[in-house]
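*Asks:* Supplied in structure tokens, the structure appears directly below.
Any read-out appearing in this document is the output of simple, stated calculations on the displayed coordinates, not a laboratory observation. Everything numeric in this text was worked out from a predicted model, so none of it was measured. We place every Cβ from the backbone using ideal geometry, glycine too, and count neighbours over all the protein chains shown.
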Amino acid sequence: MKNEILRLLKESDTYISGQQLCDDFKVSRTSIWKVMEQLKKEGYGIEAVRNRGYRLISSPDVISEAEISSLLKTCWAGNRVIYFDEVDSTNNRAKDSGERGGIHGTLFIADRQSAGKGRRGRTWSSPPGESIYMTILLRPSITPSRAPMLTLVMGLSVAEAVREVTGADAKIKWPNDIVINKKKVCGILTEMATEMMYVNYVVIGVGINVNQRQFPGELAGMAASLCGETDKVYRRSEIIAAVMERFEKNYETFLVSGDLSGLKKAYDAVLVNCGQEVKVLEPGNEYIAVAEGIDQVGELIVRLPDGQRRRVFAGEVSVRGIYGYV
Ligand code: BTN
């Protein structure tokens with residue numbers, strides 16, 4: 001009931017009568033009053049006026065289940081939200097749930113991670129209050145070889161959502177970092193459990209730097225936040241909801257063909273360095289080529305100086321701008 005009441009308050013520009021809420025939810029005035037008190041405790045500004053009812057006047061930057069659920073317009077993505085004030089890693093919680101029959105689309109969110117994980121065994125700095133740490137659990141009916149493409153589906157979804165909410169020129173650094181002004185604002189870590197021919201579950205973890213003004217030591221030159229790059233403070237829940245909406249839509253497009261052919265155009269449109277020279281760093285081999293976009297399975301197509309085309313596989317390869325990380 002709390003989630004529903006919060007949604008109604010958010011969707012209404014005017015007062016909602018207490019009696020109306022009692023009738024709708026078939027509960028007493030005291031129960032409605034208790035929900036309002038709970039919401040106030042969580043930081044929502046709620047005005048109560050005799051004979052008029054309740055009105056929402058401010059929302060805090062919280063990412064609780066009630067807050068996310070009150071914003072989501074999706075059918076399945078994030079339809080179940082599991083929120084933690086603190087957790088080791090949302091990917092770990094999602095994997096546990098995957099092992100225990102957790103449902104497709106469940107979203108795990110934390111305000112802080114004590115053991116945030118990055119790609120290639122790195123850690124992901126996860127202080128509280130300013131960032132998004134979330135992981136979605138998926139149970140796709142696809143073969144294991146196709147599952148890594150879902151990382152690119154999420155990368156595209158984050159880039160689109162960030163562009164929509166902030167207006168910033170967010171781009172994808174292939175395969176799946178999101179950058180603004182050549183600095184990383186988001187990283188994605190996908191993990192999965194597979195059998196030979198069958199995917200048991202996939203978890204896609206997303207870390208987005210939202211309102212930080214400063215980054216520690218080695219991250220300082222390379223990392224950025226949405227706030228730092230646009231000079232505006234954002235409500236994290238709004239960004240989470242926008243990502244889930246984009247992801248649900250893009251995932252459905254992905255399932256039509258089981259590859260990225262339906263998303264390739266949108267992906268290339270926000271691919272940083274598309275049409276420009278990049279440095280491809282393979283183990284033991286480094287070369288310069290022009291990035292031309294992705295193919296239907298998400299490999300990067302590059303053109304060598306002699307005109308030949310080559311497909312670059314993600315994994316051990318890293319592709320950079322010729323002058324630095326992007
Ligand atoms: C990267 O190295 O670029 C990927 C970083 C992924 C971080 C996110 S934060 C939410 C989820 N939980 C984790 O432990 N990692 C991912």
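*Asks:* By Kyte-Doolittle mean hydropathy of at least 0.5 and Cα axial length of at least 24 Å, which whole DSSP H helices of the chain are selected?
*Replies:* Correct list, ordered by number: 149-166.
*Asks:* Still on this structure, please answer the following. If all Cα-Cα distances of the stretch 121-260 are sorted into 10 Å bins from 0 onward, what percent lands in each bin, rounded to whole numbers?
*Replies:* So the P(r) values, bin by bin, are 12, 43, 31, 12, 2.
*Asks:* Tell me, Asp111, Asp13 in order of fewest to most beta-carbon neighbours within 10 Å? Write down the numbers at each step before the final one.
*Replies:* Numbers: Asp111 21, Asp13 6.
Fewest to most other Cβ atoms nearby, the residues stand as Asp13, Asp111.
*Asks:* Can I ask one more? Stick to Cα atoms and the Kirkwood definition of Rh, then tell me Rg/Rh for the stretch 2-58.
*Replies:* 0.91
*Asks:* Over the Cα atoms of the stretch 217-267, how large are the radius of gyration and the largest Cα-Cα distance (Dmax), in Å?
*Replies:* Using the Cα atoms of the stretch 217-267, the pair Rg, Dmax is 15.7, 44 Å.
*Asks:* Give me the base-10 log of I(q)/I(0) for the stretch 277-321 at each q in 0.17 Å⁻¹, Debye formula, one uniform scatterer per Cα, rounded to two decimals.
*Replies:* Taken in order of the listed q values, log10 I(q)/I(0) reads -0.40.
*Asks:* Take the Cα coordinates of the chain, assign each an equal point scatterer, and use the Debye formula without solvent to give log10 I(q)/I(0) at q = 0.09, 0.12, 0.16 Å⁻¹.
*Replies:* Taken in order of the listed q values, log10 I(q)/I(0) reads -0.51, -0.85, -1.36.
*Asks:* What ranking do Met1, Met197 get, fewest neighbouring Cβ atoms within 10 angstrom at the top?
*Replies:* Details: Met1 14, Met197 8.
So the residues, fewest neighbours to most, are Met197, Met1.
*Asks:* Taking Lys265 as the anchor, which lysines have their alpha carbon closer than 20 Å to its alpha carbon, excluding any fewer than eight residues away along the same chain?
*Replies:* The reachable lysines, counting only those whose Cα sits under 20 Å from Lys265, are Lys171, Lys173, Lys249.
*Asks:* Could you compute Rg(Cα) / (2.2 N^0.38 Å) for the stretch 196-318, with N its residue count?
*Replies:* 1.30
*Asks:* Something else: Among Asp88, Asp306, Asp177, whose mean-square fluctuation peaks in a Gaussian network model of the chain (Cα, cutoff 10 Å)?
*Replies:* Among Asp88, Asp306, Asp177, the largest GNM mean-square fluctuation belongs to Asp306.
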